[in-house]
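To start, the structure itself, in structure tokens.
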Amino acid sequence: MSKLYWIETWGCQMNDHDSEKMAGILSGLGYDPAREAADADIVLLNTCAIREKAEEKVYQALGNLRAAKQAHPEMIVGVAGCVAQMSGKSVRERSPWVDLVIGPRAASRLPEHIARVQESRGVVDTTLYQDSLLRVAKPVRQSGDRRKAYVTVMEGCNKKCSYCIVPTTRGREDSRTIQSLLEEVSGLAEEGYLEIEFLGQNVNAYRCPETGEGLSDLLRRAGEVAGILRLRFATSHPLHFGSEIIRAMADLPEVSPYMHLPVQSGSTRVLKAMRRGYSRETYLAKVQELREAIPDITLSTDIIVGFPGETEAEFEETMSLVREIRFDQMFSFIFSARPGTAAEMLPDECPAGRKTARLMELQALQRGIQLEKNQALVGQLREVIVESPSRRNPAELAGRTPGNRIVNFRATGAVPGDLLTVSITSAGPNSLRGELVEREEELACSGAD
Ligand code: 5AD
Ligand code: SF4
């Protein structure tokens, strides 16, 4: 009987893809996927440390694994990802049934560490290796039928945002060669993938170590690969998101008219305390440049409320920025103090209840904007790539527009990966409904969303 693995993942797309790569390593060692954690010979929790809540979830999951480990002492329990990096050996002190603690840049060492654990030794490795998962070539892709693949182009972050744990957990920036990336993209196109999402903590800082080419060059060259219909990239930093990338987006039909550009705050004073390196005005100017080049771009953002010292007036500046820009999508969070970051020790007098109220206010504003923007699309045609059965109604399909909006619709016989034209019939704040347009009526699609 073959050995089985189970990987659970929290956090960002980079973590999702790292899990695919760890699955690739395990499959190379002869492991198959298990149906549930309790059946597995090795369980890996690929963790996120970005906020305290994400970290707590890991310890809950470890608590749940304790009984399984007692029942099968030979089961290997591993903690990978950013909590492993941040907490190191204290993970084993807190949960002594953990065999393996392995940081994001040490995970390429899984084979030797599994062997060491099997010699009945606990292993903690938080070394920031150069030959990390970034260069592991054979992921087991979880998105096969969606025909969308992640490709990590760089990892690490050289910025020093005062709230952020990522530079600690992921280390300094490191980019792959453009040659290896184009080979991977061509291979994926040959396998039938239609969409590629390039990933990096600061993806705009991508630079080929051999040729010096940057993200805009990579987009241009990947756009030439036959069979690739859509290219995306994340995550962008407003300071590094330059005109040459905007030009490549405008020039290339393959690059989705979609941009995730985290602003974090609408107050220049708070942005300075966050050490973001731009002001409200420069962010607004960047958005203007982007919208002039790609008028129907879908724009999403991240916002932190309740950063230490944020006043009511400064929070209002965030609200006014959101009203002014009218983002299509937003991810918003309450500030969470992370160990060792510059913001950890800042005096913070704002009561927790007030921070929650700010978050609710911001989210209510955004919901209204999203609903209006989605409703404005009713009656228009959009080209969607089918992703999966719809979440609410499995008799329907969910597809994604070039601008990253979800459309639910009926289409008998269609399967994930199909490219279809739908007419938008109604809209909610988070998704659209549509009807399939019969082929003979199909019109040239206009617009991006
Ligand atoms: N507290 C709250 N939110 C955070 N983020 C990053 N660090 C923190 C923190 N300490 C948010 C930022 C980032 C997103 C991925 O998570 O908005 O863009
Ligand atoms: Fe979480 Fe950041 Fe690590 Fe991704 S890089 S898993 S978001 S802490």
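The values are calculated or read from the model by the stated rules, or taken from the named source; none is laboratory data. Here the structure is a predicted model, which is why all the values come from computation and not from measurement. In this analysis, Cβ positions are derived from the backbone assuming ideal geometry, glycine residues included, and neighbour counts consider all displayed protein chains.
Quick notes on this one:
- Selection within the range 231-277 - in a loop (DSSP other than H, G, I, E, B), within 23 Å of ARG207 (Cβ to Cβ) and among the polar types (S, T, N, Q): THR235, SER236, SER256
- Test: residue in the range 408-426 that is at pLDDT 95 or above and in contact with a Ser or Thr (Cβ under 6 Å, 6 or more places away or on another chain): yes
Per-residue answers, yes or no, for (1) within 16 Å of ligand 2 (Cβ to nearest atom); (2) over 25 Å from the mean Cα position of the chain (by Cα); (3) modelled with pLDDT of 95 or more:
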position: ILE325; (1), (2), (3): no, no, yes
position: PHE331; (1), (2), (3): yes, no, yes
position: ARG338; (1), (2), (3): yes, no, yes
position: PRO351; (1), (2), (3): no, yes, yes
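- Only listed residue being touching a Gly at 6+ places or on another chain (Cβ under 9 Å), exposed (fewer than 14 other Cβ atoms within 10 Å of the Cβ) and closer than 17 Å to TYR163 by Cα, chosen from GLU349, GLU324: GLU349
- Inter-residue pairs, beta-carbon under 7 Å, first in the same structural domain as VAL153 (by TED's automatic domain parsing) and touching a residue at least 60 places away in the same chain (Cβ under 8 Å) and in the range 236-264, second of a type in the set (Asp, Glu) and away from ligand 2 (no atom under 16 Å from the Cβ), 6+ apart: PRO257/ASP296
- All positions within the range 93-133 that are touching a Gly at 6+ places or on another chain (Cβ under 6 Å) and more than 27 Å from MET154 (Cβ to Cβ): ASP99
- Residue match in the range 287-310 (condition: among the polar types (S, T, N, Q) and crowded, with 19+ Cβ neighbours inside 10 Å): yes
- The range 165-179, subset in contact (Cβ under 8 Å) with a residue 60 or more places away in the chain and more than 8 Å from ligand 2 (Cβ to nearest atom), residue surrounded by the most Cβ atoms within 10 Å (Cβ to Cβ): GLY171
- When ASP348 is tested against (1) within 16 Å of ligand 1 (Cβ to nearest atom); (2) outside the structural domain of VAL287 (by TED's automatic domain parsing); (3) among the acidic types (Asp, Glu), exactly one condition is not met: (2).
- Qualifying position, being of a type in the set (Asp, Glu) and at pLDDT below 95, among GLU173, GLU210, GLU191: GLU191
- Residue pairs whose Cβ atoms lie under 8 Å apart, sitting 6 or more positions apart in sequence or on different chains, and linking a residue in the range 370-393 that is farther than 21 Å from LEU299 by Cα to a partner that is modelled with pLDDT under 95 and among the acidic types (Asp, Glu), are VAL386/ASP418; SER388/ASP145; PRO389/GLU396; SER390/GLU396.
- In the set (1) part of a helix (DSSP H, G or I); (2) touching a strand residue (DSSP E or B) at 6+ places or on another chain (Cβ under 8 Å), the condition left unmet by GLU317 is number (2).
The rows are residues; the columns are (1) farther than 27 Å from GLU324 by Cα; (2) buried (at least 18 other Cβ atoms within 10 Å of the Cβ); (3) within 16 Å of ligand 1 (Cβ to nearest atom).
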residue	(1), (2), (3)
PHE335	no, yes, yes
THR356	no, no, yes
LEU362	no, yes, yes
GLN366	no, yes, yes
GLN370	no, yes, no
ALA376	no, no, no
PHE409	yes, yes, no
GLY413	yes, no, no
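- Residue check for ARG35: among the basic types (Lys, Arg), in contact with a Phe, Trp or Tyr (Cβ under 9 Å, 6 or more places away or on another chain) and within 24 Å of GLU155 (Cα to Cα): no
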